[in-house]
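As structure tokens, the structure follows; a few thoughts come after it.
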Amino acid sequence: MRKTTIIMTLLTIALTAAAQSPKMLGENHALLRIPAAKVNKYVLLPVQEKEEIANIRVITNNELRQTLNVRLAVDKVDYYVPLDIKRYGAGDVLLDINFHGDRRKTGAVEEFACWKEMKLSNQFDTSNRERFRPAYHHTPPYAWMNDPNGMFYKDGVYHLYYQWNPYGSMWENMTWGHSTSTDLVHWQAQPTAIEADALGTIFSGSCVVDKKNNQVVAFYTSAGQSQVQSMAVSKDNGITFKKADCNPVLVSNEPDFRDPKAFWNLETQRWNLVLAVGQEMRFYSSDNLKDWKEEGAFGKGYGCHDGVWECPDLMKLQVKGTDKQKWMLICNINPGGPFGGSATQYFVGDFDGRKFTCEHKDTRWMDYGKDHYATVTFDNAPDGRRIALAWMSNWQYANQVPTLQFRSANSVPRDLGLFEYKGETYCSVTPSKELLALRGKVVKKPTETCEIVVDTKSNTEIVLSNTKGEQVTMTYNAQTMTFTMDRKASGDISFSEAFPIVTTAPTYGSIKQLRIFIDRCSIEAFDADGKMAMTNLVFPSEPYNIIKVKGGKATIYEINN
């Protein structure tokens, strides 16, 4: 142990000594040479979030190998992010760094803390250092995450890709991170799946299991000067991808042209693809996953148009209790959500492989909380299930929530379906059955990770609180057929004026039982029959350990994870 400590100390000193003498090329420009190091894998870059972005060009042997944007520390270090230098070989690595901050405010570049605080290391510690990191929700190993991408199931494994910034806990440097699971709850981090290239950074998209060719095909938005659609193929079940030589496969003169969702249409025996284009969805068809024909569009005159349409999904679902099946189109929008910011709307109707026909005119939301966005489903899920995950945040404050080592989690997995109420068809959302396996023993008090099942009466009030006086109040009103959640006094609300709020959902009839999932920084409430879902973040200074229920009976289960 002592020997390892000495080696690591010497390696740190070696880089510090080199970093104390960056080559200054101007008041905003510097070169820093990292000496060849056969032992070390990473340069640990010090980040200070309040600072402006610095652009870093990674050069080896006079060739540009990578470009990234990092908020390098000026006067203090919030956390570190790793730059993998082993991938470039054993030679020197030259960092060409351009700062974009106001030097009149930050001082002389040569005096920045980043030069003294950079470190060499053969490892990067991702063990949790955040009290708000969820215990049973998926999170990235470190740094920023937003939209779930490319989700599919194959050979007993669920694959989840996600929008990831490996170089900071704020949005930037979009790549596809990757995690796998066999039970939708316990996730294993995998190597980065798809990285930026000459066409741009890697925005959202989807994967399909191409059974005929025994491969997985990814479609994603390449976000460069314009947004274009690209594809990549995996022959090893989604671990590594080879980008297609024919990229881009779809182009447009529209500025917002993104988030391809592909699927096999059993009815037409062809591939379909849905793209978000401005404030509409466009549909394409293909026989070979390479050559796509535009078929039609949907959006004008339907739903909410207060923001950009994003992250589509399209599926055929059984209507509960009937022999009918209908199509549902998912449309995520930002801004324009029912309580501000981003949210997920949906449309029910028919799709013939070319045209989607909606059967209702009203705007419908899949989840009436503040923190449910970019919802998409797994391709090839077992038993014909439509299992969805959402990004559990809101663009109004996603970059400001009170965590540093990581930012953002995904919702619990949810199974989607359809139900009828007063002659109309609505989306049902139920917690996936895999969550039942997490239930532990029944306890008297709530904990920071638990499930609370409440048998309701006509009017039910549930108050979760702690000894600091922080609380969340949930109310079911049978007369108005509404469910509300008040988080205005839930804990830390200081980071955004848009955070303290009361969210309200229609219940489409009576609620007999509520299922409430608590996990350190989130509360997700569901009607047990699937007619209502509400997802909200909370940041209490201590866990809610007190519960008061009026007009109902609560059973509290420990979560075994």
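Computed 3J(HN,Hα) for region 203-211, one whole-Hz value per residue from the Karplus formula 6.51 cos²θ - 1.76 cosθ + 1.60 where θ = phi - 60°, is 8, 5, x, 9, 10, 10, 8, 8, 5, glycine and proline marked x. With everything on Cα atoms, drop me the angle between helix 2-19 and the longest principal axis of the chain, reported from 0 to 90° to the nearest 10. Around 70 degrees separate the two axes.
Each residue of region 536-550 was assigned a 3J(HN,Hα) from its phi angle through the Karplus curve 6.51 cos²θ - 1.76 cosθ + 1.60 (θ = phi - 60°); the sequence is 9, 7, 8, 9, x, 6, 8, x, 6, 10, 10, 9, 10, 10, 10 Hz, with glycine and proline shown as x. If you wrap the tightest convex hull around every Cα atom of region 306-385 and split its volume per residue, you get 123 Å³. Value of Rg to Rh for region 128-268, rounded to two decimals, is 0.98; Kirkwood radius and Rg both from alpha-carbon coordinates. Evaluating kT/(6 pi eta Rh) at 37 °C and 0.692 mPa s, with the Kirkwood radius of the chain over Cα pairs in the Stokes-Einstein relation, gives 132 µm² s⁻¹. Comparing Ser522, Thr507, Thr535 along the charge dipole axis of region 468-551, the residue lying farthest to the positive side is Thr507, per the Cβ-charge model. Along the Cα→Cβ direction, 7 angstrom out, place labels at Glu111 and Thr322. What is the inter-label distance in nm? Computed distance between label sites Glu111 and Thr322 equals 7.2 nm. When Rg and the Kirkwood Rh are both derived from Cα coordinates, the Rg/Rh ratio for region 277-343 amounts to 1.06. Legend: P(r) of region 330-447 from all alpha carbon pair distances, 5 Å bins from 0, whole percents, reading 2, 9, 16, 18, 19, 16, 11, 6, 3, 1, 0. Taking a Cβ cut-off of under 15 Å around Met174, the surrounding Lys, Arg, Asp and Glu residues balance to a net charge of -4, with basic ones at +1 and acidic ones at -1. FRET efficiency for the pair Asp350 and Asp383, taken as 1/(1 + (r/R0)^6) with r the Cβ-Cβ distance and R0 = 30 Å, rounds to 0.80.
At a probe radius of 1.4 angstrom, the accessible area of the chain per residue rounds to 41 square angstrom.
In a shell of Cβ-Cβ distance under 10 Å around Tyr158, excluding Tyr158 itself, what net charge do Lys and Arg (+1) and Asp and Glu (-1) give? Summing Lys and Arg as +1 and Asp and Glu as -1 gives -1. Between Glu542 and Ser458, the FRET efficiency estimated from the beta carbon spacing at R0 = 41 angstrom works out to 0.80. The reciprocal of the average 1/r between distinct C-alpha atoms defines the Kirkwood hydrodynamic radius, which for region 58-177 equals 17.1 Å. Around the amide H of Ala143, modelled in the peptide plane, lie the amide H atoms of Phe406, Arg407, all under 5 Å away and 5 or more residues distant in sequence or on another chain. Around the Cα centre of the chain, unit charges on the Cβ atoms of Lys, Arg, Asp and Glu (plus for the first two, minus for the last two) sum to a dipole of about 1140 debye.
The amide H of Ala244, built 1.01 Å from its N in the peptide plane, has Met231, Ala232, Val233 as neighbours under 5 Å, considering only residues 5 or more places off or on other chains. Cut-off under 19 Å on the C-alpha distance; same-chain residues fewer than 8 positions from Lys444 excluded. Which lysines are left, in chain and number order? Answer for Lys444, where 19 Å is the Cα cut-off: Lys548, Lys550, Lys553, listed by chain and number. Placing a label point 7 Å from the Cα of Asn98 along the Cα-to-Cβ line, the residues of region 51-67 whose backbone N sits under 18 Å from it are 52-60, 63-67.
Along region 516-523 the Karplus relation, 6.51 cos²θ - 1.76 cosθ + 1.60 evaluated at θ = phi - 60°, assigns HN-Hα couplings of 10, 9, 10, 8, 6, 10, 8, 10 Hz to successive residues, with x for each Gly and Pro.
The values are calculated or read from the model by the stated rules, or taken from the named source; none is laboratory data. Here the structure is a predicted model, which means the values were calculated and not measured. Methodologically, a virtual Cβ is constructed for each residue, glycine included, from the backbone with ideal geometry; neighbour enumeration extends over all protein chains shown. Just so you know, the surface numbers come from the protein's heavy atoms only, side chains and all, with ligands and any DNA or RNA stripped out. Shrake-Rupley method; radii C 1.70, N 1.55, O 1.52, S 1.80 Å.
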